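What follows is a single structure, written as structure tokens, with notes after it.
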Amino acid sequence: MSRLIGLIFATILLSHSYALTTNPLVARTSPTGLTAKFQSKGKKFWGSAADPNTLSKPGVVDILQREFGQVTPEYSMKWDATEPSRGVYNFDQSDQLVNWAVSNGKLIRAHTFVWHSSLPSWVQGINDHDTLTNVIANHVGALAGHFKGKVYCNISNGLSRFQWDVVNEVLNDDGTLRDSVFSRVLGESFIPLAFKVARDVDPGAVRYINDYSLEWDSPKTRAMVDLVNRINANDGSQMIQGIGSQMHLEPGKTGGALSALQILAGANVQEIAITELDIEFASPDDYKTILSACLQVSKCVSITSWGVSDTDSWRASFTPLLFDGNYNPKQAYHDVIGAMS
Ligand code: XIL
């Protein structure tokens, strides 16, 4: 009998020690890197956009492993990549990114279920209420189901979950609903529809609404808070759990970020995040201002840069990122690290 108990105990210990020793979050990121410094300030992670095209570059992979604690697929989870024709799903590229992230202990901000851009023409052409409702429900269900539960580690300290940008860029800069096939056919109702399906399929993932031009006290920033509060009130719970502010910024336009994050944090959500940060010409002061704004707002849980090196940036000519074309850290990187040391 005691031999049996011994055996069971050894098995548990073995499996537990495997989990402990292979916890990549601790193993791979440098303790002096961006995400470790940011976590030392009580935040969840500092991440970066990536995808198989950038994961094929050793220079990028080294920096991702050392500096960043999370990745966002830059294109591979978008509708045109994942469901190019109705009911035909393609996860080749997105699985590569997710598998790389899992095996390197990186968290994932999944991006994005419903967006008016990178949208196949077969969706754009739908003008029937019931058809579009089914198409959205099937798409969100298929993606949430495919990736469900892929990243659960360290559940205890809340670092664990998959985050989803359930809907992206639904508002105009004046705060009105953006014109898209979704709003034309379903009005505002496509938003709670997408969130409901995401919640039903993977209640463990954190559900975000994501948009740009939310970095100052604008009609759009206030309309975002009203939209979220209205939808959550109608649902009677935090159907929308997070607000993502993309922050694709121009130089010197960072002064309004603190008050904008405070306004967004005032919404009925559990968290907010900076989700696609890049700043034209990457001035150290601009980056420090954004960092300081997030550090001062407790609901601001994470920052994600929209890429590692200027070479791969979607705005490369503006050299907006923290690492230059040769993968060398810029002055902005050193100043951001300095500000957290
Ligand atoms: C951009 C990618 O960076 C580009 O490579 C792609 O050609 C277009 O999309 N808002 C978003 C992101 O939510 O998904 C966009 O990413 C940039 C703006």
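The values are calculated or read from the model by the stated rules, or taken from the named source; none is laboratory data. From a predicted model like this one, the values you see are computed outputs, not experimental measurements. FYI the Cβ positions are ideal-geometry reconstructions off the backbone, even for glycines, and counts take in every protein chain you see. Quick note on the areas: whole protein, heavy atoms, side chains included, nothing else; ligands and nucleic acids left out. Shrake-Rupley method; radii C 1.70, N 1.55, O 1.52, S 1.80 Å.
Are any residues in segment 227-239 open to solvent by 20 Å² or more (accessible area, probe 1.4 Å) and in contact (Cβ under 8 Å) with a residue 24 or more places away in the chain, and if so, which ones? Talk me through it step by step, then tell me what you get.
Just the residues of segment 227-239 that are open to solvent by 20 Å² or more (accessible area, probe 1.4 Å), to begin with: 229-230, 233-238.
Result: 229, 233, 234, 235, 238.
For segment 127-171, residues that are within 16 Å of the ligand (Cβ to nearest atom) and either within 18 Å of residue 79 (Cα to Cα) or modelled with pLDDT under 95 (or both) total 9.
Specify which of the listed residues (179, 200, 226) is part of a loop (DSSP other than H, G, I, E, B) and more than 16 Å from the ligand (Cβ to nearest atom). Spell out the reasoning first.
On the way: 200 fails: part of a loop (DSSP other than H, G, I, E, B); 226 fails: part of a loop (DSSP other than H, G, I, E, B).
The unique qualifying residue is 179.
When you look at residue 117, is it touching an Asp or Glu at 6+ places or on another chain (Cβ under 9 Å) and open to solvent by less than 40 Å² (accessible area, probe 1.4 Å), yes or no? No; evaluated as a whole, the condition is false for this residue.
The residues of segment 81-105 that are touching a residue at least 60 places away in the same chain (Cβ under 8 Å) and either within 14 Å of residue 47 (Cα to Cα) or touching a Lys or Arg at 6+ places or on another chain (Cβ under 7 Å) (or both), listed by number, are 104, 105. Among the residues of segment 294-319, the ones that are hydroxyl-bearing (Ser, Thr, Tyr) and on the phi > 0 side of the Ramachandran plot come to 1 in all. Here 80, 62, 95 are screened, and the one residue that is farther than 30 Å from residue 136 by Cα and out of contact with any strand residue (DSSP E or B) (no Cβ under 9 Å at 6 or more places or on another chain) is 62. Among the residues making up segment 69-114, those that are over 12 Å from the mean Cα position of the chain (by Cα), within 16 Å of the ligand (Cβ to nearest atom) and farther than 20 Å from residue 194 by Cβ are 93, 97. Checked against (1) touching a helix residue (DSSP H, G or I) at 6+ places or on another chain (Cβ under 8 Å); (2) more than 16 Å from residue 57 (Cβ to Cβ), residue 321 meets all criteria but (2).
Annotation for segment 63-86: at least one member residue is over 20 Å from residue 275 (Cα atoms), among the polar types (S, T, N, Q) and surrounded by 15 or more Cβ atoms within 10 Å (Cβ to Cβ). For segment 240-270, residues that are open to solvent by less than 10 Å² (accessible area, probe 1.4 Å), touching a helix residue (DSSP H, G or I) at 6+ places or on another chain (Cβ under 9 Å) and not polar (S, T, N, Q) total 10. Close contacts from segment 38-60, counting a first residue that is free of Cβ contacts under 8 Å to residues at least 40 places away in the same chain and a second that is surrounded by 17 or more Cβ atoms within 10 Å (Cβ to Cβ), with Cβ to Cβ under 8 Å and a gap of 6+ residues or different chains, come to 39/45; 39/69. Among residues of segment 170-190 that are free of Cβ contacts under 8 Å to residues at least 60 places away in the same chain, those with a beta-carbon under 6 Å from a residue that is in a loop (DSSP other than H, G, I, E, B) and surrounded by 17 or more Cβ atoms within 10 Å (Cβ to Cβ) at least six positions away or on a different chain give the pairs 173/213.
Taking segment 244-296 as the range and being within 18 Å of residue 70 (Cβ to Cβ) and among the aliphatic types (A, V, I, L, M) as the test, the residues that pass are 247, 272, 273, 274, 277, 290, 291, 295.
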